Amino acid sequence: MAALCKWRHRLKPAVFFQNAARRQLSDKHDYDLLVIGGGSGGLACSKEAAQFGKKVAVLDYVESSPKGTKWGLGGTCVNVGCIPKKLMHQAALLGGAVKDAQKYGWRIPSPITHDWLTMAPAVQDYIRSLNWGHRVQLQDKKVKYLNLKGSLMDGHTVRAVSKTGKESVFTAGNIVIATGGRPKYPTHIPGSLEYGISSDDIFWLKESPGKTLVVGASYVALECAGFLTGIGLDTSVMVRSIPLRGFDQQIACLVTDYMGSYGTKFHWKCSPSKVEKLETGRLLVSWTDLDSGKEDQDTFDTVLWAVGRTPETRALNLEKVGVKMNRETGKIIVSADEATSVPHIYAIGDIAEGRPELTPTAIQAGKLLARRLFGKSSELMDYDCVPTTVFTPLEYGSVGLSEEEAVRRHGEDGIEVFHAFYKPLEFTVAERDASQCYIKMVCLREGAQRILGFHFTGPNAGEVTQGFALAIKCGATYTQLMAAVGIHPTSAEEIIKLNITKRSGLDPTVTGC
Amino acid sequence: MGNSVCKGKTVFMDTTRIKSLQNSSTGVIKAGEHKIKSHLSTESQGLSCFTQDHSDQRDGREIVQGFLGQNKVMIFSVTSCQLSAQVKELFRSMKVSFCVLELDQREDRQEIQQALWELTEQRELPSVFVNRQHIGDWEKTSQAHREGRLQALLDMQEVNLSPDLYDYDLLVIGGGSGGLAAAKEAATYGKKVVVLDYVTPTPKGTTWGLGGTCVNVGCIPKKLMHQAAILGQAIRDSQRYGWELQEKVSHNWRNMRQAVQDHIGSLRFGYSKALRDSKVTYMNAYGEFVGPHQIKATNSKGKETFYTAATFIIATGERPRYLGIPGDKEYCITSDDLFSLPQSPGRTLVVGASYVALECAGFLAGLGLDISVMVRSILLRGFDQHMANKIGEHMEQHGVTFIRQFVPTKVRDEYHPYIFRSSEETVGVELLVYSSFVWFLQVLLAVGRDACTRTIGLDTVGVKINVKTGKIPVNEEEQTNVPHIYAIGDVLEGKLELTPVAIQAGRLLARRLYAEHSTKCDYTNIPTTVFTPLEYGACGLSEEDSIQKYGEDNIEVYHSNFWPLEWTVPARDNNTCYAKIICYKQDSERVVGFHVLGPNAGEMTQGFAAAMKCGMTKEQLDNTIGIHPVCAEVFTTLSVTKRSGGDIAKGGC
């Protein structure tokens, strides 16, 4: 604190300087770079900038969720996103593995039960180790970490407020906004805020969520519903319109079909109307069937809202400083070099308009931005063909265009879709149903048939997709892929054996090796 | 039976124009000696032998095949040759019709003789063929006559003697991955195809059905048993992830074996159905060349059948090698036996350090068995040694005992211990390391594999094999030295022994043969995965090979450890998974070698292999966005070069 006070005293007079004057004195800024938001993008950007010998600070401050959940440095991915969700997904997969194992000769006395109180702390401990790791890394790279909430005062000045309400002011040559987003609450639904939780809370629950209703059909909704089902909880998903908007819809259906066959209940075309707390402590959820207009209700232990995310821009004071935003999405409008409408202010990650909300893109964008600012680089971030994986019980990896988007851009006659239903070898002995294991490759129809989109459902979809994302980056064509030789026996080899076109109408089921 | 003789087809031929004896034994006649209008003669009762000798046929092979295809008995002779005369006299005495081609009376004798030599490896004339099968010179023919073989051949079912009327367009010996792929592909072009498949039982008596090594005793059962072992690890992990298991778990070999064998059975069923559907004939019989276009097929009851075909594909694959030490065949098993063992092998010694050895040792250990591996020199010869050693270390950490620099010298039954000899000792000196006496319940030999090429009559038709390895050298179109005989799969010399390679080669070969395609099988940058407990995926060159090929200064090796997210909660094996790429600096850091150790290495490697086909460079790797959080994303963020000696321990994300 003493340090902070010293800062304030030294800086106070500076606040009265004119902006123009400040720019001339840019070497007099407290920092060369000040990053607001210590998530994947912000940390990557700050560390990269520090590599160039710059004076860098990161402001990170986690506002508690309505339920009171808080966490440490690292942002969504580490604390309430990719990491915990994949670990809990893994817990669910291991439940499946234990069942499979019996078919593979392992004698396991039943019943097998899952204990939330073993899993959650194990996951949380790992997250804490990552929080710590991030702090150590910042220290190692000489990036100043400040657990303060930042807001803009002008193009070079940031006001920072501590947990206790203490204020300080910093100036910086460049400011990067990387505050990300937070889950949306459907506040128009009575009881939603009081009784519901979000993905910000689920991984930090002190006890098992029990019977859960997940509202939404985003990847967050389906991933959460998937692992909750997988660890043996009675889980329902309420979907107003379509699952996985923006993703290939044929695949989205396969993903939800698979979930359905593994015990997740779906309420399609339904919209919740209210949440009430019963005397038993359970939650009574009422909803409307949008097709029939019928009302229905059921009791749950937990209601999880996964209806989208809001960019975390409220407290940044953006409008006052003149940073332009998209009114509809609330996101910051950026140019190709991540610059906002105000000079020296940049935005990366989930907060930036039109960018994929993915950790690795934020990291890459942050690094490249730092290199352009301080490293004499001019390389821009390429947001094309970014691969991603949805960790639903049946994992879904994709890169490039969905079939719908490809049709939109090139016309039905302009594309050729190769596809196959395959059975992973591991499923055979385990007697698992593989009817949703599917591969689809969307190619241009002309010439060597350049690959536009790749979609894969099945185990380890992420591991499978990464290499093909690279191949597509290298401009791979269908012809080139067919000249490659498979790795036997893997699921991925089915990709380079694709030979049935959708147009042909032939049965795309793979038989034998 | 002499049917053909009695049918009135008996045709005697004679060549009356006997010239002075010269070069009789070789039949080589100096050019320009004399030209005689009729170079072909028959002795017949109204029946002429083959005479459709199109003058525009320039290819000696075609001419020879033409004659062979249309004449039951064919003699290539020289008018002046005494031995030729004797051969003719022999057939005349047997009252058998024959056709004679007097080479000294043809302008194209050089080509024909060359073709004959390629076909039979016999330079001397006369050269006698019965039913397209090469008998030999005078001596061999008279010997065959004395032994009754000649008569037997003549009595054999009348073969269809028109070149376009062989029994089959294509005959494939070996019903493994490659053979089946080629057969099915050929059949789709309307060709008449037969596959001969026969599994000689192992010394232990193990045998199996259609599908070859991969399905029955290779990739499929090993990956399934590997999966069983992986699931054992999953069970342990699951408890850290909150799953509560009542008691200690144990593994039941018999249940696993049954499940695995059931799956193999269903695959076999699928294969025979696929063959039937594509109208490929399948014979469960041992195929052996008896003539250039003829195969003798012996079934399990010893019944012999003969088939002719225009084209042949040898796809007989390999079988495990034995050591040739006392007791090996008697007491040891190989991978051919392991997957169908009725009982758990128990405490096992695995001999060898091939990928077969390490994979088997790996999953057996994973199932909870006490496993030792005896290694003569290095692990995984031919693979990147840095990776190989890491695999070894990991196995050692997970309870596999390595007995290095030893070879077994004797295997005895119960009451007698095994005797090892240090491989550093001079051969012949039997150094008994008494301290090494160890009891095993099972000894699994995995010391290499031998091509099944020595007992399928290749010498009869003159297909060349590497005498030492038994492997068949082929040109880039998988053609052997005998033009109408091709070979694919593990029998090939200098090619990778991998199922998908054999399948690809087989398919492309059939397309070239029957569909006027020209694409050849590309044997470069073929990815592969070793399913050791820590899986190893590789594509392209090993570090050693890239140094040799490009020079140490011209390559840059980028590497990193990684810790799969799934392993963090059970807190196991940090800094064991490893990623490495080798880039050729002079070619914009094109990736020439890709290596990864970690879970699902095969799934990871496939896409990168495809990218390598497209010329992937380090820059492209760097520009590709990772998928978070998966293992494969490590390849998009490799920054430490091996040269720099930088720290590669895994930090956070």
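The values are calculated or read from the model by the stated rules, or taken from the named source; none is laboratory data. Everything numeric here is computed off the predicted structure, so don't read it as measured data. All Cβ positions, even for glycine, are placed from backbone atoms using ideal geometry, and neighbour counts span all protein chains on display. For accessibility, only protein heavy atoms count, side chains too; no ligands or nucleic acids. Shrake-Rupley method; radii C 1.70, N 1.55, O 1.52, S 1.80 Å.
Table for the structure above
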quantity	calculated
Some residue of the range A:167-175 being under 29 Å from A:Ser292 (Cβ atoms) and open to solvent by 30 Å² or more (accessible area, probe 1.4 Å)	no
Residues satisfying the stated conditions in the range A:368-387, i.e. in contact (Cβ under 8 Å) with a residue 24 or more places away in the chain, closer than 24 Å to B:Cys631 by Cα and surrounded by fewer than 24 Cβ atoms within 10 Å (Cβ to Cβ)	A:Met381, A:Tyr383, A:Cys385, A:Val386
Leading residue by the ranking (nearest to B:Ala611 (Cα to Cα)) among those in the range A:451-494 that are more than 7 Å from chain B (Cβ to nearest Cβ) and not in a strand (DSSP E or B)	A:Ile472
Per-region count, the range B:209-249, residues part of a loop (DSSP other than H, G, I, E, B) and either buried (at least 21 other Cβ atoms within 10 Å of the Cβ) or facing chain A (nearest Cβ under 7 Å) (or both)	9
Conditions (1) loosely packed, with under 14 Cβ neighbours inside 10 Å; (2) modelled with pLDDT under 85; number of the one not met by B:Gln82	(2)
Sole exception among (1) open to solvent by less than 40 Å² (accessible area, probe 1.4 Å); (2) within 28 Å of the chain's Cα centre (by Cα); (3) at pLDDT below 95 for A:Thr457, by number	(3)
Test: B:Ala487 is more than 16 Å from B:Ala315 (Cβ to Cβ) and either open to solvent by 10 Å² or more (accessible area, probe 1.4 Å) or more than 14 Å from every other protein chain (Cβ to nearest Cβ) (or both)	no
Test: B:Asn554 is surrounded by 16 or more Cβ atoms within 10 Å (Cβ to Cβ) and out of contact with any Pro (no Cβ under 8 Å at 6 or more places or on another chain)	no
Pair list, Cβ < 7 Å and 6+ apart or interchain, from the range A:420-443 residues that are more than 12 Å from A:Leu254 (Cα to Cα) and free of Cβ contacts under 8 Å to residues at least 12 places away in the same chain to residues that are open to solvent by 20 Å² or more (accessible area, probe 1.4 Å) and in a helix (DSSP H, G or I)	A:Thr428/B:His263
Residues that are surrounded by fewer than 24 Cβ atoms within 10 Å (Cβ to Cβ) and among the polar types (S, T, N, Q), drawn from the range A:461-513	A:Thr477, A:Thr479, A:Gln480, A:Asn499, A:Thr501, A:Ser504, A:Thr509, A:Thr511
Among residues of the range A:121-138, those that are touching a Lys or Arg at 6+ places or on another chain (Cβ under 8 Å) and either more than 7 Å from chain B (Cβ to nearest Cβ) or over 27 Å from A:Ile363 (Cα atoms) (or both), counted	1
Count of the range B:373-391 residues which are closer than 20 Å to B:Val443 by Cβ and surrounded by 19 or more Cβ atoms within 10 Å (Cβ to Cβ)	4
Tally of residues being touching a strand residue (DSSP E or B) at 6+ places or on another chain (Cβ under 8 Å) and open to solvent by less than 20 Å² (accessible area, probe 1.4 Å) across the range B:560-589	10
B:Glu393 being in a helix (DSSP H, G or I), within 14 Å of another protein chain (Cβ to nearest Cβ) and at pLDDT 90 or above	no
The range A:176-215 - residue that is of a type in the set (S, T, N, Q) and open to solvent by 40 Å² or more (accessible area, probe 1.4 Å) and, of those, nearest to A:Leu318 (Cα to Cα)	A:Thr187
Residue within the range B:150-166 that is touching a strand residue (DSSP E or B) at 6+ places or on another chain (Cβ under 8 Å), free of Cβ contacts under 8 Å to residues at least 40 places away in the same chain, open to solvent by 30 Å² or more (accessible area, probe 1.4 Å) and over 27 Å from B:Leu509 (Cα atoms) present	no
Residue selected from the range B:501-520 under the condition within 9 Å of chain A (Cβ to nearest Cβ) and open to solvent by 10 Å² or more (accessible area, probe 1.4 Å), by the criterion farthest from the chain's Cα centre (by Cα)	B:Thr519
Condition met for A:Cys437 (more than 8 Å from every other protein chain (Cβ to nearest Cβ), under 27 Å from B:Cys219 (Cβ atoms), open to solvent by less than 40 Å² (accessible area, probe 1.4 Å) and touching a Phe, Trp or Tyr at 6+ places or on another chain (Cβ under 9 Å))	yes
Subset tally (residues that are open to solvent by 20 Å² or more (accessible area, probe 1.4 Å) and part of a helix (DSSP H, G or I)) for the range A:132-166	7
All positions within the range B:590-605 that are more than 9 Å from chain A (Cβ to nearest Cβ) and either β-branched (Val, Ile, Thr) or open to solvent by 20 Å² or more (accessible area, probe 1.4 Å) (or both)	B:Arg590, B:Val591, B:Val592, B:Val596
Residue that is most open to solvent (accessible area, probe 1.4 Å) [pool: residues in the range A:93-120 that are more than 7 Å from every other protein chain (Cβ to nearest Cβ) and part of a helix (DSSP H, G or I)]	A:Lys99
So A:Ser273, is it open to solvent by 30 Å² or more (accessible area, probe 1.4 Å) and modelled with pLDDT of 95 or more	yes
Candidates A:Gly226, A:Gly260, A:Gly246, A:Gly281, filtered to the one that is open to solvent by 20 Å² or more (accessible area, probe 1.4 Å), in a helix (DSSP H, G or I) and either touching a helix residue (DSSP H, G or I) at 6+ places or on another chain (Cβ under 9 Å) or not aromatic (Phe, Trp, Tyr) (or both)	A:Gly260
Failed item in (1) touching a residue at least 12 places away in the same chain (Cβ under 8 Å); (2) within 33 Å of the chain's Cα centre (by Cα), with B:Ile547 passing the rest	(1)
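Listed here are the residues, each with its yes/no results for (1) more than 7 Å from every other protein chain (Cβ to nearest Cβ); (2) touching a Pro at 6+ places or on another chain (Cβ under 7 Å).
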site	(1), (2)
B:Gly607	no, no
B:Lys613	no, no
B:Ile625	no, yes
B:Val640	yes, no
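Residue-by-condition table, conditions (1) surrounded by 18 or more Cβ atoms within 10 Å (Cβ to Cβ); (2) within 14 Å of another protein chain (Cβ to nearest Cβ); (3) closer than 21 Å to B:Ile503 by Cβ:
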residue	(1), (2), (3)
B:His251	yes, yes, no
B:Val260	yes, yes, no
B:Gly270	no, yes, yes
B:Ile295	yes, no, no
B:Thr298	no, no, no
B:Thr316	yes, no, yes
B:Pro320	yes, no, no
B:Leu338	yes, no, no
B:Thr348	yes, no, no
